[in-house]
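*Asks:* This is the structure, below, for whatever I ask next.
Each value in this text was obtained by applying a stated rule to the coordinates, not by laboratory testing. The structure displayed is predicted, hence computed values, not measured ones. Methodologically, a virtual Cβ is constructed for each residue, glycine included, from the backbone with ideal geometry; neighbour enumeration extends over all protein chains shown.
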Amino acid sequence: MTLLTSLTLAEARDGLANKSFTSLELTDAHLGAIEAARTLNAFVLETPDQARAMARAVDAKIARGEGGPLAGIPLGIKDLFATRDVRTTACSKILGNFVPPYESTVTSQLWRDGAVMLGKLNNDEFAMGSSNETSCFGPVVNPWRREGANTELVPGGSSGGSASAVAAMLCMGATATDTGGSIRQPAALTGTVGIKPTYGRCSRWGIVAFASSLDQAGPIARTVRDSAILMRSMAGHDPKDTTSVDRAVPDYEAAIGKSVKGMKIGVPREYRLDGMPAEIEKLWAEGAAWLKAAGAELVDVSLPHTKYALPAYYIIAPAEASSNLARYDGVRYGLRVPGRSIGELYENTRAEGFGAEVRRRVMIGTYVLSAGYYDAYYLRAQKVRTLIKKDFEDCFAKGVHAILTPATPSAAFAVGANLDPVEMYLNDIFTVTVNMAGLPGIAVPAGRDAQQLPLGLQLIGRPFDEETLFSLGEVIEQAAGRFTPARWW
Ligand code: GLN
């Protein structure tokens, strides 16, 4: 069992193709691992019957030589993706036992390519959070612990279940979503690889909407190659999402191992924060040195509007959220708390169904969109967003191929650390700019802190140039090695 779950996705793919083992064996090994790891709370719904049925069907296909690129690979699905006939809640009480009658485009492409669904993964409620503590199913536990301690640590968020499950080898890869950092931050905090593709690269259809102009799906996996393999299946044009882009999907895996010689890598001075921990500084310098040793040229760059990104994000994201979440009224989906009038029914349902962080976002969003404040807040934030985008455009226009930054300002912190909302929001300081500009960004494990917890670096790319991120990411991975938590659960 241990052996099969510790394979990389690429190794498992090859083993299945060589008939070294079957998808049913691989799936059973993962179902066993999930059962033995319930204390991590990574899965909010296990679907073993469906998993075995999918595995058997794909084994038959493999035997006929008809397996797709992901034939027989067991995956976990973030509970933000609608899965047909399988409960989908966004980890909010308000969706109750909602069972969608349709499948999200991204997951349907994974099944098209032969993947097997193990179950649904925990996340922050409606993907709002950076610690996976706002989920109505309770917090997820990071499989990593500080050296010599057994304090439970968060896996980051909002895709905390995805990151924890992948790091703990409960699945070979997972879907995730990223609105301000929710793929890259949890990947960094768990020693896994996470890529947020260019806005429009993956369809948003069938993904519970948070902030539609920022939301993007992407994979979390244990290696850069595995994330490239998953990306190819997840990406693609979808007429059902008007913001998805009609561009051919490249063979991302082919970018692995490509030379990065002569590439210009920008190091933005504005990301050097006051009070940044020395180990983050060191990690960043080390990453730069590895890329240089591989033949890249490191250049100082300036992204002058960086400091406005987080405040502007916390206007735009709540504004869009307040509008997207208006549909949860107790009439159409999930939870209904009756009242004496329809107005009271709405109020009771929303008061009871939404958690504190979601209510805070709805209130902020409603405020910044209201008459009299719209110009002062929302419109101004949109202008700031344009300036942030232009910073990156100017940088790329000077011939920069990608930008190297830390992925997070710190390693994983304790469950229940009770950060105030602004402290929590600061987790995304290095990642939100990328969503604001619609660019691709990858987080790759690059080192450890003094307490032996994993730390990640981020590479930001030109629009639709995920391939360069995979090439550069693999250079870092080769230099840093892979990161696996010691098993205690
Ligand atoms: N942590 C950020 C937030 O709470 C980003 C979340 C995300 O990317 N979904 O909004």
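*Asks:* Once R0 is set to 51 Å, what does the formula 1/(1 + (r/R0)^6) return for the Cβ-Cβ distance between ALA351 and ASP251, expressed as a FRET efficiency to the nearest 0.05?
*Replies:* The pair ALA351/ASP251 has a calculated efficiency of 0.55.
*Asks:* Straight-line reach from LYS120: which lysines fall under 23 Å, measuring Cα to Cα and dropping same-chain residues less than 8 apart?
*Replies:* Qualifying lysines at Cα under 23 Å: LYS78, LYS93, LYS196.
*Asks:* Using the Cα centre of region 53-155 as origin and beta-carbon charges of +1 (Lys, Arg) and -1 (Asp, Glu), tell me which of SER104, CYS136, ASN123 is placed farthest towards the positive end of the dipole.
*Replies:* Value: SER104.
*Asks:* For region 172-220, what's the relative contact order in percent, using C-alpha pairs closer than 8 Å and at least 6 residues apart?
*Replies:* 52
*Asks:* Once phi is turned into ³J(HN,Hα) by the Karplus curve 6.51 cos²θ - 1.76 cosθ + 1.60 with θ = phi - 60°, what whole-Hz value does each residue of region 233-241 show in order, with x for glycine and proline?
*Replies:* So the Karplus estimates, Gly and Pro as x, are 7, 6, 7, x, 6, 9, x, 7, 10 Hz.
*Asks:* Moving on. Within 10 Å of each residue's Cβ, count the other Cβ atoms and sort SER162, SER233, SER259, SER6 from fewest upward.
*Replies:* Ranking SER162, SER233, SER259, SER6 by Cβ neighbours within 10 Å, fewest first, gives SER259, SER6, SER233, SER162.
*Asks:* Rounded to two decimals, what ratio of Rg to Rh does region 363-467 give with C-alpha atoms and a Kirkwood Rh?
*Replies:* 1.05
*Asks:* Take region 196-351, compute every pairwise Cα distance, and split them into 5 Å bins from 0; I just need the percent in each bin.
*Replies:* Pair shares across the bins are 1, 7, 10, 11, 13, 16, 15, 10, 6, 4, 3, 2, 1, 0, 0.
*Asks:* With an 8 Å Cα cut-off and a minimum separation of 6 or more residues, compute the relative contact order for region 109-268 in percent. Write down the numbers at each step before the final one.
*Replies:* On the way: 317 pairs, mean separation 28.2, N = 160.
It rounds to 18 percent for region 109-268.
*Asks:* Sticking with this one: Using a Förster radius of 41 Å, what is the FRET efficiency between THR151 and ARG359 based on their Cβ-Cβ separation? Nearest 0.05, please.
*Replies:* Calculated transfer efficiency: 0.90.
*Asks:* Which ordering of TRP489, TRP205 is given by a fewest-first count of other beta-carbon atoms within 10 Å?
*Replies:* By the 10 Å Cβ count, ascending, the order reads TRP489, TRP205.
*Asks:* Amide H neighbours of LEU457 under 5 Å, at least 5 residues apart or on other chains, H built in the peptide plane: list them.
*Replies:* Sorted by chain and number, the residues that satisfy this are ALA407, VAL444, ALA446.
*Asks:* Points 7 angstrom from Cα along the Cβ direction at ALA371 and GLU344: gap in nanometres?
*Replies:* 2.9
*Asks:* Only four residue types carry charge here, +1 at the Cβ of Lys and Arg and -1 at the Cβ of Asp and Glu. Report the dipole size of region 1-140 about the Cα centre in Debye, rounded to the nearest 20.
*Replies:* In total the dipole reaches around 260 debye.
*Asks:* Right, here's the next one. Which order, highest average first, do 295-307, 23-35, 213-225 follow once you tally other Cβ atoms within 10 Å for each residue and take the mean per peptide? The partial results should precede the final answer.
*Replies:* Values: 295-307: 16.3, 23-35: 21.3, 213-225: 26.6.
Descending packing order for the listed peptides: 213-225, 23-35, 295-307.
*Asks:* Using only the Cα atoms, work out Rg/Rh for the chain, with Rh taken as the Kirkwood radius, to two decimals.
*Replies:* When Rh is taken as the Kirkwood radius, the ratio is 0.95.
*Asks:* By how many nm would the segment from ARG327 to GLU281 lengthen if fully extended, with 0.36 nm per residue of separation less the alpha-carbon distance? Please list the in-between numbers first.
*Replies:* On the way: separation 46, 0.36 × 46 = 16.56 nm, distance 4.41 nm.
Value of the extension gain: 12.1 nm.
*Asks:* Continuing with the same structure: Give me the dipole magnitude in Debye, nearest 20, for the chain about the Cα centre, with unit charges on the beta carbon: positive for Lys and Arg, negative for Asp and Glu.
*Replies:* 420
*Asks:* With an 8 Å cut-off on Cα pairs and a minimum separation of 6 or more residues, tell me the relative contact order of the chain in percent.
*Replies:* 18
*Asks:* Using the alpha-carbon centroid of each, what span in Å lies between region 378-451 and region 236-312?
*Replies:* 10
*Asks:* Let me ask something additional. Give me, ordered by chain and number, the residues 5 or more places off VAL301 or on other chains with an amide H under 5 Å from its own placed amide H.
*Replies:* Here the answer is VAL267, ARG269, since their amide H atoms fall under 5 Å of that of VAL301.
*Asks:* Let me ask something else about it. Specify whether the C-alpha gyration tensor of region 409-489 places it in the rounded, prolate or oblate class, a ≥ b ≥ c being the square roots of the eigenvalues: rounded for a/c under 1.5, otherwise prolate if a/b is larger than b/c and oblate if not.
*Replies:* Cα axes put region 409-489 in the oblate bin.
*Asks:* Mind checking Rg over Rh on region 1-119, alpha carbons, Kirkwood formula for Rh? It would help to have the intermediate numbers written out before the result.
*Replies:* On the way: Rg = 14.4 Å, Rh = 14.7 Å.
In region 1-119, Rg relative to Rh is 0.98.
*Asks:* Provide the descending list of Cα extents for region 164-259 along its principal axes, expressed in whole angstroms.
*Replies:* 35, 32, 22
*Asks:* Please tell me which of these pairs span more than 19 angstrom C-alpha to C-alpha: LYS240/LYS389; LYS264/LYS398; LYS261/LYS398; LYS258/LYS390?
*Replies:* LYS240/LYS389; LYS258/LYS390
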